[in-house]
């Protein structure tokens, strides 16, 4: 009985709420909406024709259209503000008449301001408003009515992916799975919601799904169902990398998991790539993504940190086709407010209504061209946040009130497809690089960044070697998983999270050590594969005597300085090797080496291995000789001068390298008016909110000249701290006999870089009428001229900078191995370590001198990146010059500098390969092979070819040691597109400027 009474009481309470409270809430919401409309939409429509009854005291003064629409009985009605000459009385109404006998009568409340509804037509058409009082028409207004925009607001829900930053890495791994589980739960809870309000989830990186399925393989069917229903979109990139500092092949490999594994697994196309937080992306991505089957790019740069505030304020369009260097393009949307847009979506309808109205009005004020926008909304916290259900509840409530603006719980693909279908021809095309404002963060741990760059090249070489071995060595098992794991670990190091949000907390170093662990694991495994594969390959080369076999993984002939570490073994007498010579199998010429002691690797045998075949090898037979003949040489190393057949270097005992005379070009390559000398060390400190900007240079403390048969060097010792044990730089400048380049090795032993400090090396070149071209993965750009507005004015260089003289037809090629960051013209970058709003200094910046400043390390950051660094390390550079006729070879110097030396000492070989050979050759000079690997599905081998000079080419691939039976063009992720007709042993194809083609070959040796 008591239970029955309580139940009846609860029913009475609910009826009371229904009859009193809920209507009051509805009334309050109606009042909020009226207030929003009255505070906005001030633009009045002007009637083409008007008629007012004589003596009428009440009439319509203003008619102000809004972009709000409702639907009644299948009719879409636009809401329009009107203002009367006086407060309306009873019996007043406004009749709206449209073409097609569309009529709507609006009773007018007792007020001077009101909101009426008019039937909507989607073309410019006449609208007549009749003001009727007690059945009598007193006013008629006729308008040429322009239809208001019917806004669609596509909202994608994400949880920004940071591999670290918010917590220790292992805890982030666990939390990311909780995030995915929560998203799946919300999908189930809202399955019966209206279509536009059903929960949809966007996975920023495919790693999220990879990580989730490793722990929860039983949940695959849920993911498959949601993907097929369009309620789950997995973005194509693995994680958010600092892509500019990644290797060429990494741009493709980070798409492999999504495009090759998840697409067939989920049963849906993955068409959208996303880059979030990172404040820039290299131009080559606008080529790589489309050739890999990615159609759309959602770019959500950070809102404010270190230069992102400049992107945030840009007036550049949000929607554009980003055209790559090769003229392919990808439909791009750049978010307005990063990945935390519209935070009011996490609250309620009353909060969202005025804010969202203001947002859409701002688009109209700025003449936005379309009727749809995209918002990216993370959870209540910015990073690695558990999502909330409130936004879809808000969407549901909003759409119950309005037909338009329509809120859509969406995936990015839904927005892009709508935009492309309805406005594709109106969307502008933008061409240029987007230099990353955050890229210099990687050199807050400069030694590891140098190792990472070295790893990129070792992976390239190792895949080529492994492919070679699997083609010519029966029984060799291509190390598919080991190489894939190495690429995965390399990408995880290049991922944009470098530490903890509090860089002084112990978690910061723990997170970075995990990151560095991925790097070193990848390096160790790659080097092991390389060593094992070299041994297997060497055994396939015929030869009965001890030899040193040198491999060249580059697609052109090159000379290699071989440094072979010597260890005791049964077939080489270490005491006699210094009196040995090597025989070049192609020319039969004698080559002399030298036994040296290396500070890093102990005893080494050094020699210059000339003219190693493209993607090939050469076996140098070791023979004894009693006495080494005196060799002629162009080398000279004496006080103040370093010289070979090409260059004469002038060395100042205090300033170092002050002159580079090029005998071929007959000019000094150094700007003698520059404030810094060539390769000079600059220690910079910015503090007190950048009001202090000190730049210290240092005199040389000691000079040492060294010359032998193959090279001439000068060592410049600098001790900036006054004591060698605290901070020292040993700079070795080397010329080689017969070679047309200068090497600079900079050994810091030790170094220490503290907060607000940076270390640069200066390279002030002399190039009249200059152009600067810098190279990034699959791209080549001119700073200022070929970059989109509001991106960084400091740059990442993959290998080379070309300083081209337009009037005198020559170029200086400057190459860097470990150090990616440069500034051009002057050092203009600001530190801004503790300044909330980043001030870039001189911006935009068009370099006014052909000077390069290589920033080896800095510690300017106030979050995520390390506040200081110390240790020891080596940074290498190369300088050469070419005339205009050699321009198609401008890229070679940097690749040669960065490529690992691959050689092996062998007693003999029992194989059938000749002593010198090439697996594959490519021509002409402006075409490069950027990958040679076993196909992921095991069906043949994959070659990527790339035009490097910006001009079309007829590419030719030759396979001297192979017989090609079949070949296909594939997309960037190795899916066959078109079979290639094999008419002769070669493969020929046309390449456009900067075009990439991927080719599958099948055959045998």
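We did not get these values from a lab; they are worked out from the coordinates using the rules stated. Quick caveat, the model's predicted, so the values are computed rather than measured. Cβ sites come from the backbone with ideal geometry, for glycine too, and all protein chains shown count toward neighbours.
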Sorted on mean Cβ neighbours within 10 Å (highest first), peptides 35-41, 311-317, 741-747 come out as 741-747, 35-41, 311-317
Where does helix 206-215 land angle-wise versus the long Cα axis of the chain, in degrees 0 to 90, nearest 10? 90 degrees
For helix 390-401, what angle does its Cα long axis make with the longest principal axis of the chain, in degrees from 0 to 90 and rounded to 10? 40 degrees
How many nm separate the modelled label positions at residue 502 and residue 42, each set 7 Å beyond the Cα in the direction of the Cβ? 4.7 nm
Between residue 672 and residue 527, what length comes free when the chain is fully extended (0.36 nm per residue of separation minus the Cα-Cα distance, one decimal in nm)? 47.8 nm
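What does the extension gain come out to for residue 586 and residue 62, with contour length at 0.36 nm per residue minus their alpha carbon separation? Can you show the working numbers first?
On the way: separation 524, 0.36 × 524 = 188.64 nm, distance 9.22 nm.
Working it through step by step, the gained length comes to 179.4 nm.
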Summing -39500 (n - 2.57) over the DSSP H runs of n ≥ 4 in the chain and dividing by its residue number, what mean residue ellipticity at 222 nm do you reach, to the nearest 500 deg cm²/dmol? -7000 deg cm²/dmol
Residue 652 paired with residue 362, simple spin-label distance in nm, labels 7 Å along Cα-to-beta-carbon: 5.3 nm
So what is the relative contact order of segment 920-1005, in percent, for Cα pairs below 8 Å that sit 6 or more residues apart? 36 percent
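Among 44-50, 552-558, 108-114, how do they line up by average Cβ neighbours within 10 Å per residue, starting with the highest?
My ranking of the peptides, most packed first, is 552-558, 108-114, 44-50.
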Relative contact order (percent) for segment 463-569, with alpha-carbon contacts under 8 angstrom and 6 or more residues of separation? 31 percent
Name the residues of segment 242-259 whose amide N is less than 15 Å from a point 7 angstrom out from the Cα of residue 265 along the C-beta direction? 254-259
Name all residues of segment 123-161 having a backbone nitrogen under 15 Å from the label point set 7 Å from the Cα of residue 105 along its Cα→Cβ direction, giving them as ranges. 130-138
Please give the FRET efficiency for residue 645 paired with residue 691, using the beta carbon to beta carbon distance and R0 = 45 Å, rounded to the nearest 0.05. 0.30
Between 0 and 90 degrees, rounded to the nearest ten: what's the tilt of helix 446-472 against the longest Cα principal axis of the chain? 70 degrees
Quick one: length gained pulling residue 704 to residue 621 fully straight, 0.36 nm per residue minus the C-alpha distance? 26.5 nm
Per-pair calculated FRET efficiency, R0 = 22 Å: residue 597 and residue 901 via Cβ, rounded to 0.05: 0.75
Defining a contact as two alpha carbons under 8 Å apart and six or more residues distant in sequence, what relative contact order in percent does the chain show? 11 percent
Whole-Å distance linking the alpha carbon centroid of segment 405-477 with that of segment 501-557 is 22 Å
Only one of the listed values, (i) 354; (ii) 222; (iii) 173, was derived from the coordinates as volume of the Cα convex hull per residue in Å³; which label is it? (ii)
Based on alpha-carbon centroids, what's the gap between segment 294-323 and segment 46-100 in Å, whole number please? 42 Å
Distance in nm between label sites at residue 848 and residue 988, each 7 Å beyond Cα in the beta-carbon direction? 5.2 nm
